[in-house]
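These notes are about the structure you will find just below.
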Amino acid sequence: MSTKREMREHADEVSRLLPMMPVRDLAIFPQTIAPLLVNRDLSHNAIEQAQKQSGQVLLLLEPENVTDDMLPGDYPKIGIVARVLQVLTLPNNMTKVLVEGLFRAEVEEFFVSNTLWQAQFHPIIIRDSDPQQLEAAQRHTLDLFRHYASSQRINVEEVIAACDTFKDSVRVADFLASHIQCPAFRKQPLLDAPTQIDALIAVATLITNETEMVVLEKQIEGQVRERINKSQRQYFLQEQLRQIKRELGETEDADDFGDVIQYRKLIKKAKMPKEVRAKAEEELERLKQMPMLSPEATVVRGYVDWLISLPWHHRTTDRDNIDAAHAILEEDHYGLLKPKERILEYLSVIKLVGKVRGPILCFVGPPGVGKTSLGRSIARALDRKFVRMSLGGIRDEAEIRGHRRTYIGSMPGRIIQGMKKAGSKNPVFLLDEIDKMSVDFRGDPASALLEVLDPEQNKTFSDHYLEVDFDLSEVLFITTANYRSAIPEPLLDRMEIIELLGYLPPEKLQIARRFLVPRQLTEHGLTGDRLTIPDSSLKRIIEEYTREAGVRELERSIANVCRKSARRIAEGKTQAVVATPRLLPQLLGVPKFVDKPLDGKDRVGVAIGLAWTPVGGDVLKVQVAITPGKGKLVLTGRLGEVMKESGMAALTLLKARHKELGLSWEPFEKNDLHVHVPEGAVPKDGPSAGITLATALYSALSGRKVRGDIAMTGEVTLQGEVLPIGGLPEKLMAAKRAGLSLVIIPEQNVKDLKEVPPQVLKGLKLNPVKTIDQVWKLALRRLPTSKKSTTEQSNYTSIIPTLDHPSPHIDLDDLEIGEM
């Protein structure tokens, strides 16, 4: 037969090892020319390799459930050897390849690399069949194709005429299969057919299946059309019924139809304000005039649903038992005295007055100190509903105010959504991370919050979707932020700021013992009998494995201890675990933080400063070295612009007063001053290191040693004045942790000592100063060659707090004045 002869001719021409290319959307048959779109790297490489060799490639159809991690062995073994006729590169980085099918081939072995798949194969010779059976099968297949083509708009006469010219039944089968519209993988049985009769049967089966699919599709289409017609018929009948009722002059209620009657009942039950109810009734009148299935009717129904679901009148009753509320706050949180005191004041006013406008509280503090959980605890103490809304990353004003109803898929803003979720008019509404909002072309959400958080405006809050005012004046809004400076000033002006400082180690110990350990034991399926964590171990975890203002890392460390202990118990190695301090390195690894106590030695050019960080206070050693040069000031240690300016101001102060201070001008002119603040990888900024920089520079230039047992903080001016600083509690905490008992602070910060916990002040001797001269008299030792008496005392005073009373605030009248 001609097919065998042609196949043998091509088989002689082609190499028995060809690049292999998977084909997904189109089945190629012998003596067929068709285009293929190539966009995968493997296919590109196969075409390039084919052009380098004989210009031929082996095409294999992808199976039905193809995946990205398929190997060549997962593909069919029988495919088509094709000749690449033309390659055209398209603008979208795809390639159009024109190929001509040559003959069927069966893969013997695959050769796989990362960039190219190749296959060794042998040609397939389709065996002959009985001529009478072939003729009968071919007639049956052509009859089936005529029936199929009549429903697919195929010119059946041209196809049949072409088939009459073919002398090979396999060629007929291939030609018919190329006109059948179905997924390519369903034509694989035709390629696998061993005989001519099998090839015709495979095509007949394919045509029969596709014909049945066409009939089924038409049935489904008819059912869908029938349902649509039924809905339209119902609409016309309802319109006719409506017109009949109007002609009969029936009442307005009788004029209602469908869900309008139900909406009227729900509106009455919702007890809306007068203007809101009028708006709802107006929308119902519009709904009555609309086709029931129109898109606009759906929008109106959604709008009325929102009006009905909002808590226009429902409110919860606040708890009036102050002692019970106090007990709840103490049960949920340890410490946090100022926020608790503010909430109890709020409850007391409600009890006396009966109603108070909702305040706007803002909890500002580092991560993990309990800002969010405190809001939830306040709601429990007030016996109110609680709603939390995260503002982190919000940059669209519509998130706050909602979208106009003219937009597709519009909804109210998240404020109104939160009120619906609360189900009451006076919930506790927590706006979390208010300092993390962004601004872009979609608007400024911070500006949209102005109306929400302004007690003078939120009584008539307007959402773009509702288009009616909603009263937010009874809501207790609580906001949280990590950094006060990141809150927009207009918002900051509308809120009452409550600072949440970091916890002291003793407070962390109490929190761990009362809250964290019991919670983690429960979550890990343990009890106090099976795992014991003594206080000594908790103290070591706090000091050596965590360095934070809050307690999140502490809780993670306790959870780690619970997990390691649970594994030991589950493996049967022990019945109970006692996490002693000596066992902690096995459970938590090497300690992460080991405080190196200061040696207290006096040194030239080294002064000890205090710094504020988001995770608490820290101690800084400012070091100054003098080297030959041209009078430059070099500042290192990853310092910020403000801290660099403080260094330059300190040097200018010394230059301006060098004669008064007994300094020669030559060191300023012929030497470089290098100021370094370890640790070099940690960024540092702020003006509060001014007196520390000035002291270290003066010490290096004069040769006088700086006392190693004293720390200092304060901003210095060019006239030598010492200005106040922030973060005093954290800085004093750092000095106490470093073992320093003497601290120099600006005199204007004495008033801030009332806000410092008594545990921090205990054991510290505070020295308030007004000028840099007072700092130097306190911090610098006299030169050994000085003839002045070393017992001469300065006339500058220091503050020593007395802690005989348990109050968390220190009254200035209780501060003891002493001298150094």
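Before moving on, here are some points about what is shown:
- Positive-pole candidate from I541, M495, H524, dipole of the stretch 494-543, charges at beta carbon: H524
- Judged by the ratio a/c of the largest to the smallest principal axis of the C-alpha gyration tensor, the stretch 109-240 counts as oblate, that ratio being 1.5 or greater while a/b is no larger than b/c.
- Each helix, a run of at least 4 DSSP H residues, gives -39500 (n - 2.57); summed and divided by the residues of the chain, these come to -12500 deg cm²/dmol at 222 nm.
- Dipole orientation for the chain: of the candidates M20, V756, L391, V756 has the Cα lying most toward the positive pole (charges on Cβ; Lys, Arg +1; Asp, Glu -1).
- Expressed to the nearest 5 percent, the antiparallel share of DSSP beta bridges inside the chain is 60 percent.
- For the stretch 429-498, a/c is not less than 1.5, where a ≥ b ≥ c are the root eigenvalues of the C-alpha gyration tensor, and a/b does not top b/c. That puts it in the oblate class.
- Residues whose placed amide H lies under 5 Å from that of I360, excluding near-sequence neighbours: E496
- Accessible area per residue, Å², the chain with all protein chains present, probe 1.4 Å: 51
- About its Cα centre, the dipole of the stretch 396-539 is roughly 760 debye, where the only charges are +1 on Lys and Arg Cβ and -1 on Asp and Glu Cβ.
- Full extension of the chain segment joining E212 with R404 gains 64.2 nm, where the gain is 0.36 nm per residue of separation less the Cα-Cα distance.
- Tensor-based shape of the stretch 357-452 (alpha-carbon gyration tensor, a/c under 1.5 rounded, otherwise prolate or oblate): oblate
- As a length-normalised measure over Cα pairs under 8 Å and 6 or more apart, the relative contact order of the stretch 370-481 settles at 33 percent.
- Per residue Cα convex hull volume in Å³ - calculated over the chain: 307
- Of the residues E135, E641, the one with the largest accessible area comes first in the ranking E641, E135, computed with a 1.4 Å probe on protein heavy atoms.
- By accessible area, using a 1.4 Å probe on protein heavy atoms only, the chain has 51% of its surface on carbon and sulfur.
- Cleavage-rule hits (chymotrypsin sites (Phe, Trp or Tyr not before Pro)) in the stretch 662-755: DSSP loop, at most 13 neighbouring Cβ within 10 angstrom: W665
- Farthest towards the positive end of the charge dipole of the chain, among the residues G609, L431, P366, is the Cα of G609, using unit charges on the Cβ of Lys, Arg, Asp and Glu.
- Helix runs (DSSP H) in the chain reaching 20 Å along axis by Cα, Kyte-Doolittle at least -0.5: 196-248, 295-309, 337-353, 641-656
- Charged side chains reduced to their Cβ positions (Lys and Arg at +1, Asp and Glu at -1) give the chain a dipole of some 2880 debye around its Cα centre.
- DSSP-assigned coil residues among trypsin sites (Lys or Arg not before Pro) in the stretch 109-205, each with at most 14 further Cβ atoms within 10 Å: R153, K167
- Contact order normalised by residue count of the stretch 50-100, Cα under 8 Å, 6+ apart, percent: 34
- The distance from the alpha carbon centre of the stretch 62-135 to that of the stretch 323-396 is 71 Å, rounded to a whole number.
- Computed on the chain, with alpha-carbon pairs under 8 angstrom and 6+ residues apart, the relative contact order is 7 percent.
- Amide H to amide H, with H built 1.01 Å from N, F111 comes under 5 Å of Q118, A119, Q120, counting only residues 5 or more places away or on other chains.
- Of the trypsin sites (Lys or Arg not before Pro) found in the stretch 569-606, those that fall in a DSSP loop while having at most 11 other beta-carbon atoms within 10 Å are K573, R582, K601.
- Highest mean packing comes first when the peptides 742-754, 92-104, 279-291 are listed by Cβ atoms within 10 Å, giving 742-754, 92-104, 279-291.
- Straight-line reach from K508: taking Cα to Cα under 24 Å and skipping same-chain neighbours fewer than 8 places apart, the lysines in range are K338, K340, K371, K539, K564, K592, K596, K731, K736, K754, K762.
- Other-chain or far-sequence residues with amide H under 5 Å of L635's (modelled H): V675
The values are calculated or read from the model by the stated rules, or taken from the named source; none is laboratory data. Because the structure is a prediction, the values reported are computed rather than measured. Backbone-built Cβ (ideal geometry, glycine too); neighbour counts: all protein chains shown. Accessible surface is based on the protein model in full, side chains and every heavy atom, while ligands, DNA and RNA are left aside. Shrake-Rupley method; radii C 1.70, N 1.55, O 1.52, S 1.80 Å.
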